Amino acid sequence: MATSARSQNIPRTITVSGRGTGSAPPDTATINTGVQTTAATAQEALAANNRQFQSVLAVLSEQGIEDRDVQTSFFNVNPQFRRGPNGEQLGITGYRVSNQVRVIVRDIDKLGQILDALVTAGSNQVSGVSFSIEDNQEITDTARAAAVADATRTAGVYAAAAGISVGRLIAISDQSIQAPLPRAVSLDAGAAGFGVPIASGELQVTSNVNLQFELVNA
């Protein structure tokens, strides 16, 4: 009898998983752009690069890009070699200078316009565009709420099939949040100058949750 009484005091529970998503259009774009020049000497290549690069920086300023959103991402000076029939280096033919910056565009409606202006100003290196959401808290909350609703619905389905009801919520376990990763879009520097439209689409957050409910008689 004691064992039976103890078993009656043990609550019946069910643990279910839920998954939810939240999505929103990106509000920020990141581009990598720069200038590559070649000349007979390193000094000449660098001087040419500096002149062309200053035009690129001026365009960014004219387009409303703040200094804090422009950061050097790559700078390199390399000798260029004449190659023999077997690929061996036969001598230096000149020098190549590359200077690139990472640019954050906070008004993505102007992205196509900015890309066109950069290419027109002399940028001959555009390695790509990536989109992100600066503050994803709202869509994260949406994903979490959807995950809880999904798990609650699942618990109700199981309980109804067993002829019982879902009681109080006992525990919530937040399993993971998959934040929206920056989505890259390939871009050809030459094509940018022809006003190729850029589609930003939407970014998504995914939430997974485990809920434990008490089960009660229907």
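What follows draws every value from the coordinates through simple rules; no lab data is involved. This one's a predicted model, so the numbers in the text were calculated from it and none came from an experiment. Positions of Cβ are backbone-derived with ideal geometry, glycine not excepted, and every protein chain shown enters the neighbour counts.
Here are a few things to note about the model shown:
- Euclidean distance of C-alpha centroids, region 120-142 and region 30-84, integer Å: 21 Å
- P(r) tail, region 30-186: Cα-Cα pairs separated by more than 29 Å, 49% of all pairs.
- Region 79-177, relative contact order [Cα under 8 Å, separation at least 6], %: 12 percent
- Calculated FRET value between D109 and T41, using beta carbons and R₀ = 35 Å, to 0.05: 0.20
- Highest-fluctuation residue, L115, L57, L90 considered, GNM on the chain with Cα pairs under 10 Å: L90
- Shape category assigned to region 53-144 from the gyration tensor of Cα positions, a/c cut at 1.5: prolate
- Structure-based [θ]222 nm, the chain - -39500 (n - 2.57) summed over DSSP H runs of at least 4, per residue, nearest 500: -10000 deg cm²/dmol
- Additional length obtainable on full extension of the chain from F81 to S23, 0.36 nm per residue less Cα span: 15.8 nm
- For the pair S165 and D69, the difference between a 0.36 nm per residue extended length and the Cα-Cα distance amounts to 29.0 nm.
- Shown in residue order for region 79-95 are the 3J(HN,Hα) couplings computed by the Karplus curve 6.51 cos²θ - 1.76 cosθ + 1.60 at θ = phi - 60°: x, 10, 10, 7, 9, x, x, 9, x, 6, 7, 9, x, 7, 9, x, 9 Hz (x for Gly and Pro).
- The chain: angle of helix 137-161 to the longest principal axis, Cα-based, in degrees nearest 10: 30 degrees
- For the chain, the relative contact order comes to 35 percent (Cα pairs under 8 Å, sequence separation of at least 6).
- For G167, nonlocal amide neighbours, meaning residues 5 or more places apart or on other chains whose placed amide H falls under 5 Å from its own, are E214, L215, V216.
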